[in-house]
Amino acid sequence: MTALRISDLVFRWPRQAENCLDIPLLELGAGERVFLHGPSGSGKSTLLGLLGGVALPQQGTVELLGTDLTQLGGRARDRFRADHIGFLFQQFNLLPWLSALDNVLLPCTFSSRRRDRAGAVPRAEAERMLRHLDLDTASWSKPAAELSVGQQQRVAAARALIGRPEILIADEPTSALDAERQQIFIDLLLQESAAVGATLVFVSHDRRLAGHFDRSVALDEINRAARSVEA
Ligand SMILES: Nc1ncnc2c1ncn2[C@@H]1O[C@H](COP(=O)(O)OP(=O)(O)O)[C@@H](O)[C@H]1O
Ligand SMILES: [Mg+2]
């Protein structure tokens with residue numbers, strides 16, 4: 001089964017002379033764990049924004065789980081994203097004043113589907129995930145702002161995974177970690193996405209990470225608008 005299919009996609013940022021993305025085809029199977037790499041500035045985050053329905057392409061289709069996001073209105077896209085996609089950002093985007101546990105529970109407050117899929121007691125599921133991700137219990141009730149980078153990352157991973165979203169999108173989530181911690185974190189993410197059966201799109205500029213994944217895609221090879229832009 002196809003989880004994600006992009007076809008004839010063209011995207012250009014406002015006031016830019018050239019297209020940022022021109023991708024004839026990209027298909028990912030359900031449960032596939034894919035490494036998407038490209039240099040800084042090559043359009044990786046832009047593509048993830050299109051996959052999440054945060055932005056719309058000028059041309060083409062973005063189908064997730066059989067739904068073409070380009071045919072939905074803004075509210076319906078927001079709903080689709082909340083219900084079906086777990087996001088893990090480079091800067092984590094935790095709410096600093098909320099506790100670790102409440103940050104993990106956020107997707108369940110935005111989506112009744114995620115809440116239902118998090119079991120009878122979502123808080124218990126959030127605790128189970130944090131325990132599984134090795135976050136010490138003393139940190140669960142601390143505001144996110146008081147956690148270390150490694151702890152914040154675990155909270156962000158639990159938040160992305162809670163309620164078993166079918167699609168997990170991770171935008172350079174390991175760049176703040178040293179090599180050993182990177183490896184541990186990626187293995188955790190792979191295990192967890194396999195456990196929930198999620199399709200994982202993991203983005204990085206660091207090609208050395210490719211070996212962990214089922215499949216590797218070079219953005220510049222699928223993007224006809226590719227120009228090598230080094231930051
Ligand atoms: N909000 C924006 N407005 C205009 N241009 C943007 C915006 N965000 C990114 N870009 C441009 O799009 C290109 C790709 O950026 P990005 O998707 O962030 O690359 P990557 O994630 O691979 O580093 C860059 O040339 C960048 O300047
Ligand atoms: Mg980026």
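Just a few scattered comments:
- Checking His84, His37 one by one, the residue that is open to solvent by less than 40 Å² (accessible area, probe 1.4 Å) and farther than 22 Å from Ala158 by Cβ is His37 and no other.
- Considering each residue of the stretch 124-134 in turn, none proves to be touching a Cys at 6+ places or on another chain (Cβ under 8 Å), open to solvent by 50 Å² or more (accessible area, probe 1.4 Å), of a type in the set (Lys, Arg) and away from ligand 1 (no atom under 16 Å from the Cβ).
- Restricting Gly52, Gly41, Gly60 to residues that are within 21 Å of Leu219 (Cα to Cα), at pLDDT below 95 and in contact with a helix residue (DSSP H, G or I) (Cβ under 9 Å, 6 or more places away or on another chain) narrows the list to Gly52.
- Some residue of the stretch 28-36 being at negative phi, touching a Pro at 6+ places or on another chain (Cβ under 8 Å) and touching a residue at least 60 places away in the same chain (Cβ under 8 Å): no
- When the stretch 52-66 is filtered for residues that are within 20 Å of Leu88 (Cβ to Cβ) and part of a loop (DSSP other than H, G, I, E, B), the ones remaining, listed by number, are Gly52, Gly53, Val54, Ala55, Leu65.
- Pair list, Cβ under 7 Å, 6 or more apart: the stretch 68-84 residue part of a helix (DSSP H, G or I), other residue open to solvent by 30 Å² or more (accessible area, probe 1.4 Å) and not β-branched (Val, Ile, Thr): Leu69/Arg77; Thr70/Leu56; Phe80/Leu72; Ala82/Phe110; Asp83/Arg113; His84/Leu65; His84/Glu166
- Pairing residues of the stretch 1-14 that are over 11 Å from Thr70 (Cβ atoms) with residues that are of a type in the set (Val, Ile, Thr) and open to solvent by less than 60 Å² (accessible area, probe 1.4 Å), at Cβ distances under 6 Å and at least 6 apart in sequence or on separate chains, gives Ala3/Thr199.
- Every test in (1) farther than 23 Å from Val10 by Cβ; (2) touching a residue at least 12 places away in the same chain (Cβ under 8 Å); (3) out of contact with any strand residue (DSSP E or B) (no Cβ under 8 Å at 6 or more places or on another chain); (4) open to solvent by 40 Å² or more (accessible area, probe 1.4 Å) is passed by Leu106 save one, and that test is (4).
- Cβ-Cβ distances below 8 Å connect the following pairs, each with a first residue in the stretch 176-204 that is under 13 Å from Gly150 (Cβ atoms), a second residue that is assigned to a helix (DSSP H, G or I) and among the β-branched types (Val, Ile, Thr), and a separation of six or more residues or different chains: Ala176/Val149; Leu177/Val149.
- Taking the conditions (1) away from ligand 1 (no atom under 16 Å from the Cβ); (2) closer than 15 Å to His37 by Cβ in turn, Ala170 satisfies each one other than (1).
The values are calculated or read from the model by the stated rules, or taken from the named source; none is laboratory data. This one's a predicted model, so the numbers in the text were calculated from it and none came from an experiment. With ideal geometry, Cβ positions are generated from the backbone for all residues, glycine too; neighbour counts draw on all protein chains shown. Heavy atoms of the whole protein, side chains included, go into the accessibility calculation; ligands, DNA and RNA do not. Shrake-Rupley method; radii C 1.70, N 1.55, O 1.52, S 1.80 Å.
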